[in-house]
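Reviewing the structure listed below.
The values are calculated or read from the model by the stated rules, or taken from the named source; none is laboratory data. These numbers come from a predicted model, not from an experiment. Cβ: placed from backbone, ideal geometry, glycine included. Neighbour counts: every protein chain shown. Ligands, DNA and RNA are stripped out before the accessible areas are found, and what is left, the full protein with its side chains, is counted by its heavy atoms. Shrake-Rupley method; radii C 1.70, N 1.55, O 1.52, S 1.80 Å.
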Amino acid sequence: IAPRLNAAGRLQDMSHGIDCLLAQDPGSARRLAARLDALNEERKQLQSRMLADAGSQLDALEIDPGAAGGARCLFDPGWHEGVVGLVAGRVCERTGLPAIALAKSGTAGILKGSVRSIDGIHVRDLLERIAPEVPGLLFGGHAMAAGLRMPEESLEGFRALFGAEVERQLGGLSRDDVLWTDGPLAPEDLRPELAEQLQFLM
């Protein structure tokens with residue numbers, strides 16, 4: 001249920017999900033649920049395309065790892081602003097580095113983005129530190145995630161400042177890869193039913 005409710009807010013209007021939850025008759029609920037399911041399928045297709053684009057950008061950066069410092073700040077004019085948080089999260093997982101994904105907003109000349117961080121780097125405080133040097137930067141968030149917006153002309157300066165500040169902070173952290181899990185699975189848990197339940201959550 002959760003991805004379908006979230007898809008409405010990401011792509012259109014979260015009121016679609018609220019209307020579905022508050023529907024008074026089964027027919028209306030089914031129609032609204034079908035709309036949410038269609039939006040979630042659209043979200044998955046967008047996310048898949050955007051992740052492929054992000055992968056291509058990462059491959060290019062890995063040719064010259066020092067070019068981006070200790071962060072990955074990715075932008076594509078064709079990306080959807082409602083899905084950038086999912087992309088930033090996946091890029092952060094893949095690289096083990098703080099990651100930003102940015103898209104054009106509904107306002108001309110303005111970019112909107114989402115940041116995901118790693119243990120040891122408080123991303124909201126980091127943004128606060130560099131904000132005075134980035135014209136038009138607005139942001140909010142917490143230690144591990146933040147949202148931001150800025151004029152498109154500020155992107156290159158922001159990218160350089162963000163990467164340099166992350167690199168500076170990484171100097172005091174272990175760069176060893178860490179894999180977080182919710183714990184081991186018992187052999188009897190490895191069955192098709194569990195795989196189906198995990199697939200249903202996507």
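Is it the case that some residue within segment 56-66 is small (Gly, Ala, Ser) and either surrounded by 16 or more Cβ atoms within 10 Å (Cβ to Cβ) or more than 25 Å from residue 111 (Cα to Cα) (or both)? Steps first, answer last, please.
Taking segment 56-66 and keeping what is small (Gly, Ala, Ser), we get 56, 60, 66.
Imposing the further condition that a residue be either surrounded by 16 or more Cβ atoms within 10 Å (Cβ to Cβ) or more than 25 Å from residue 111 (Cα to Cα) (or both) reduces the set to none.
No, segment 56-66 contains no residue that is small (Gly, Ala, Ser) and either surrounded by 16 or more Cβ atoms within 10 Å (Cβ to Cβ) or more than 25 Å from residue 111 (Cα to Cα) (or both).
Yes or no: residue 111 among the hydrophobic types (A, V, I, L, M, F, W, C), at pLDDT 95 or above, touching a strand residue (DSSP E or B) at 6+ places or on another chain (Cβ under 8 Å) and surrounded by fewer than 16 Cβ atoms within 10 Å (Cβ to Cβ)?
Working: among the hydrophobic types (A, V, I, L, M, F, W, C): yes; at pLDDT 95 or above: yes; touching a strand residue (DSSP E or B) at 6+ places or on another chain (Cβ under 8 Å): yes; surrounded by fewer than 16 Cβ atoms within 10 Å (Cβ to Cβ): no.
The answer is no for residue 111.
Check segment 99-113 and report whether any residue there is in a helix (DSSP H, G or I) and within 23 Å of residue 149 (Cα to Cα). Give the steps one after another, and end with the answer.
Going through segment 99-113, the residues in a helix (DSSP H, G or I) turn out to be none.
So far as segment 99-113 goes, no, none of its residues is in a helix (DSSP H, G or I) and within 23 Å of residue 149 (Cα to Cα).
So is residue 128 part of a helix (DSSP H, G or I), open to solvent by 60 Å² or more (accessible area, probe 1.4 Å), within 17 Å of residue 106 (Cα to Cα) and out of contact with any Ser or Thr (no Cβ under 7 Å at 6 or more places or on another chain) or not? I'd like the intermediate steps shown before the answer.
Values: part of a helix (DSSP H, G or I): yes; open to solvent by 60 Å² or more (accessible area, probe 1.4 Å): yes; within 17 Å of residue 106 (Cα to Cα): no; out of contact with any Ser or Thr (no Cβ under 7 Å at 6 or more places or on another chain): yes.
Answer is no for this residue.
Just the residues that are open to solvent by less than 30 Å² (accessible area, probe 1.4 Å) and of a type in the set (A, V, I, L, M), please, taken from segment 30-42.
Selection gives 36, 39.
Evaluate the following for residue 9: is it open to solvent by less than 30 Å² (accessible area, probe 1.4 Å) and either within 24 Å of residue 88 (Cβ to Cβ) or not polar (S, T, N, Q) (or both)? Explain how you work it out, then say what you get.
Numbers: open to solvent by less than 30 Å² (accessible area, probe 1.4 Å): no; either within 24 Å of residue 88 (Cβ to Cβ) or not polar (S, T, N, Q) (or both): yes.
No, not satisfied.
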